[in-house]
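Below is one structure, written out as structure tokens; comments come after it.
Laboratory data are not the source of any read-out in this text; all were calculated from the coordinates shown. Fair warning: this is a prediction, and the values are worked out from it, not measured in the lab. Note that we place each Cβ from the backbone using ideal geometry, even for glycine, and neighbour counts take in every protein chain shown.
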Amino acid sequence: MHLYSSLALPLLLSAPNAHAWGVVGHATIATIANHYLTEAGKTYVSSKLGAGVTMASVASWADNYRYTTVGRFSAPYHFIDAEDTPPSSCSVNLARDCGPTGCVVSAITNYTQRVQDSHLSVENTKEAMEFLIHFIGDITQPLHDEAEAVGGNDISVTWDGTPTNLHACWDTQMVEKAAGGSNSTATLTAFSNKLIAMIDTGSYSSQKAGWISCDNVATASQCALSWAQDANALNCQYVLKANETGMELDGSYYTGALPYIDLQIAKGGYRLGAWINALAAAA
């Protein structure tokens with residue numbers, strides 16, 4: 001049984017080998033989601049994770065679990081391999097792109113069902129909630145909805161002169177810089193508050209209703225597919241628009257990417273909060 005307390009957050013924020021949005025990105029998404037929980041939503045989270053366990057403290061659990069012997073089955077659940085042709089054409093087709101071992105769309109569908117299943121054990125529904133917290137974050141990262149160059153993993157770039165790949169930069173380096181240049185708890189709080197303000201009264205306030213236009217937990221596959229398609233479109237708009245191979249990303253590329261990073265993390269948090277509220281309402 002994997003139990004975490006809110007006191008574990010500083011340790012999680014300093015953990016190495018981050019994946020997906022990285023520890024900072026996933027913790028920020030979870031923190032934003034928590035801000036938008038109804039009282040019923042907060043009670044629902046506590047009933048699944050346990051009293052005193054925050055969503056932020058478990059937001060990256062799925063990334064660590066996938067590399068364990070018992071958890072390796074879940075590796076395909078973090079992405080969907082859109083077989084499109086960016087930057088000329090971007091699309092996600094569930095029948096075409098979700099492999100036989102599953103994908104992030106089918107995983108969100110499955111764990112939405114499992115977290116509601118009263119016949120499952122406490123541990124099983126806790127795990128389902130942890131997966132949902134993570135995968136609803138993953139699906140907003142554009143390169144998690146892309147097959148081109150293995151989701152950008154095979155595109156060699158540099159960050160501040162250090163060799164890396166495009167996917168890793170979108171996962172971690174660019175997010176940490178967007179958050180303020182570190183992975184401290186104070187940075188997480190400031191970054192979350194900035195995006196919450198943009199959602200409530202800033203440039204996202206007129207967009208946020210559209211982010212959760214699909215919020216029916218009974219049609220989870222349809223909703224998750226629409227989220228994947230939304231993020232995938234950014235691969236044509238910006239992420240894979242240039243020939244990024246060999247590019248130094250800590251410069252003009254990062255400057256252009258920053259609005260998309262903020263937007264996608266804000267979307268992930270707002271959607272996660274709404275999804276949990278919908279689960280609570282259906283309980």
Worksheet entry | Acute angle (nearest 10 degrees) that the helix 252-282 long axis makes with the longest principal axis of the chain, alpha-carbon atoms | 20 degrees
Worksheet, complete the sentence: In degrees rounded to 10, the 0-90 angle between helix 39-49 Cα long axis and the longest Cα principal axis of the chain is 90 degrees
Fill in: Degrees, to the nearest 10: 220-234 long Cα axis against longest axis of the chain
20 degrees
Item to complete: Please work out the C-alpha center-to-center distance from segment 106-177 to segment 56-81 and express it in whole Å.
Response: 8 Å
Worksheet item: Taking the Cα atoms of segment 194-283 alone, what are Rg (to one decimal) and Dmax (as a whole number) in Å?
Response: 15.5, 50
Response to the item:
Relative contact order as a percentage, the chain, C-alpha pairs under 8 Å and 6+ apart, gives 30 percent
Worksheet item: Taking K and R as +1 and D and E as -1, what net charge do the other residues with C-beta under 11 Å from the C-beta of Val104 add up to?
Response: -4
Fill in: Pairwise Cα inverse-distance average, inverted: Kirkwood Rh of segment 6-282 (Å)
18.5 Å
Item to complete: Would you tally the net charge around Ala75, using a Cβ to Cβ cut-off of less than 14 Å, leaving Ala75 out, and scoring K and R as +1, D and E as -1?
Response: -1
Worksheet item: If you check each cysteine of the chain for another cysteine whose beta-carbon is under 4.7 Å away, which ones come up empty?
Response: Cys169
